[in-house]
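K.L.:
Encoded as structure tokens, here's the structure I'll be asking about.
Here, each number is a calculation from the coordinates, and none is a lab measurement. The structure displayed is predicted, hence computed values, not measured ones. Counting neighbours? That spans all protein chains shown, and the Cβs are built from the backbone with ideal geometry, glycine included.
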Amino acid sequence: MDAVISIVLKFVSVIMLIFSILSSLLLILTFRKPRKVSVPSLFITAAIGLVTFAVLAAFAKYEPELWVWIVMGLAGIGIGILQARTTRLYLEESRVMSKNSVWYIVVWAALLALNQLITIITNHPPDIAMALLIMGTAVIWGTSGDIIRRYFKMRPAVARQQPQQGTIAETSPVGTAEAQNTRLVMPPGYCKKCGHKLAEGDFFCNSCGEKQ
């Protein structure tokens, strides 16, 4: 039975390695590309991370002590939030968009290097492997959770950007993609692009960054 478990773990490791290499290449090539924020996709990513952790933990048959769960879990969530903050969220035509900065790659590469360094130094014993697995899963939850939180924080601005009764939609002449963005004629004190309420003396919108 132990031999079967060992073979299964090696097979899973090879599959995960191939997946990691392909996803890493895709990330490097497309990390600056703007994407529409999809809450279901973020939930699915977090769920896949949890299921993967549960399956590997079941095969490993190793139960970490409580302090390992707490320390590695909090560390992973903290790193995940830090990674999420390197992703800019902004409004574009009533959609919440995301765009990674170069710091996203820096944090991702540093985390990958840390995992590999620990694995090489410790020769990957079960306790270290499980600790890294806990942290990796927590990173996914921290990243997805923070982006979801910021997404819902921006939803009121998205609703205000939708044309409402009493507002007049203006469309710029055909030209660049930026010139085609729909703008709203709003009463004084509100952003003319997204409808966000402005504070006295604001020269730029705190929601979308539009100059007033």
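K.L.:
What number comes out for the charge environment of residue 149, summing +1 per Lys or Arg and -1 per Asp or Glu over other residues with Cβ under 12 Å away?
P.N.:
Result for the neighbourhood of residue 149: +3.
K.L.:
Continuing with this model, one more query. Less than 19 Å apart at the alpha-carbon level, and either on another chain or at least 8 residues along: which lysines does that give for residue 10?
P.N.:
Excluding near neighbours in sequence, the set is 61.
K.L.:
With a 10 Å radius around each residue's Cβ, average the other Cβ atoms per peptide and rank 95-101, 45-51, highest first.
P.N.:
Peptide ranking by packing, descending: 95-101, 45-51.
K.L.:
Evaluate the Debye formula for the stretch 31-160 with equal point scatterers sitting on the alpha carbons, no solvent, and hand back log10 of I(q)/I(0) at q = 0.16 Å⁻¹, in q order, two decimals.
P.N.:
Debye intensities relative to I(0), on a log10 scale: -0.84.
K.L.:
Next up: Could you rank the peptides 77-89, 129-141 by their average count of other C-beta atoms within 10 Å per residue, with the highest value first?
P.N.:
The packing order, highest mean first, is 129-141, 77-89.
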